[in-house]
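The values are calculated or read from the model by the stated rules, or taken from the named source; none is laboratory data. Since the structure is predicted, the reported quantities are computational estimates derived from the model, not experimental observations. Positions of Cβ are generated from backbone atoms using ideal geometry, with glycine treated the same way; all protein chains shown enter the neighbour counts. Only protein heavy atoms, including side chains, enter the accessible area calculation; ligands, DNA and RNA are left aside. Shrake-Rupley method; radii C 1.70, N 1.55, O 1.52, S 1.80 Å.
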Amino acid sequence: MKLYRIKKSNIDNKGRGLYATKNIKEGTKIINYVGKLITKKQTEESDKYDNDKPIYLFTINKRYDLDGDFSWNTAGLINHSCNNNCDYDGKGFKIWVKAIKDIKKGEEFTCDYGFGFEYDSYKQFPCKCKSKNCCGYIIRAESRWRLNKKFAMSNKKKLINNSH
Ligand SMILES: [Zn+2]
């Protein structure tokens, strides 16, 4: 049985989201984040990765990024929340979404898109997650969000802070 089902989102009222089909324990792998491996050179050269569009790109290593912007990447439907219950994790060329809290059946899965504040266009991406700590925008740093050491570390810090 799949841990998720696709439903109209409570956060993104124009879009869909993924919802828990049963109670899920912290640390559970929910779904693989699938896409196409592209080289850094392709990332730099393609119009697809301009700053003015939301992008679903992960840094895999020095050479490759993973582009998850495809309709068959179901994990791409997961919405951003300022109080997310899931996060991205990965190893080698694989990326997946895992629960960072216990999640109840029927809850929408959410991730932290990890967009930074420096990028001017963040106002294009208002956040409607309705969390107490919502800052009002899905903040993004640059044209991509990245799964790298720094990103992992800052998430780790966030987890520690949340548990206090
Ligand atoms: Zn929010």
Can you confirm whether segment 62-71 contains a residue that is of a type outside the set (A, V, I, L, M, F, W, C), in a loop (DSSP other than H, G, I, E, B), modelled with pLDDT of 75 or more and out of contact with any helix residue (DSSP H, G or I) (no Cβ under 8 Å at 6 or more places or on another chain)? yes
All positions within segment 15-25 that are surrounded by fewer than 18 Cβ atoms within 10 Å (Cβ to Cβ), more than 28 Å from residue 126 (Cα to Cα) and not basic (Lys, Arg): 23
Return the only residue of 115, 58, 151 being aromatic (Phe, Trp, Tyr), within 16 Å of the ligand (Cβ to nearest atom) and modelled with pLDDT under 85. 115
If residue 5 passes every condition in (1) open to solvent by 40 Å² or more (accessible area, probe 1.4 Å); (2) under 23 Å from residue 135 (Cα atoms) but one, which one does it miss? (2)
Determine which single condition residue 41 fails, assuming it passes every other condition in (1) at negative phi; (2) open to solvent by 40 Å² or more (accessible area, probe 1.4 Å); (3) touching a residue at least 12 places away in the same chain (Cβ under 8 Å). (3)
Taking residue 18 as the residue in question, decide whether it is assigned to a strand (DSSP E or B) and modelled with pLDDT under 95. no
